[in-house]
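Have a look at the structure below, then the notes.
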Amino acid sequence: MSKFTLTHAVIFVLLFTAISMAPGIEGGRCQEVLDPSDCVLSDCKKMCYQKHQSMGGQCVETGGTPAQPTYKCVCVYDCLF
């Protein structure tokens, strides 16, 4: 049986650091625009749940005027990778 040496420990730490820094490995939050031109909150939440099994459907302001803003439907969900 081989001994656990300082070299083994350094290699283990380097591998652990590289894996933990890799993008997408830990998951995180992703977003997708489901409807860029209109948003009804209840419909947006429903579309988000149907597509990504997430309750993260949101209406986000995209412009317009202060009296008549425009919105898009954005789904925020957990990324797997």
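Annotations
- Annotation: extensible slack from S42 through C79 equals 11.1 nm (criterion: 0.36 nm per residue apart, minus Cα-Cα distance).
- From least to most packed, judged by other beta carbons within 10 angstrom and beginning with the fewest, L80, L41 follow the order L80, L41.
Any read-out appearing in this document is the output of simple, stated calculations on the displayed coordinates, not a laboratory observation. What you see is a predicted model; the values in this text were computed from it and never measured. Glycine gets a Cβ as well: all are built from the backbone with ideal geometry, and neighbour counts include every protein chain shown.
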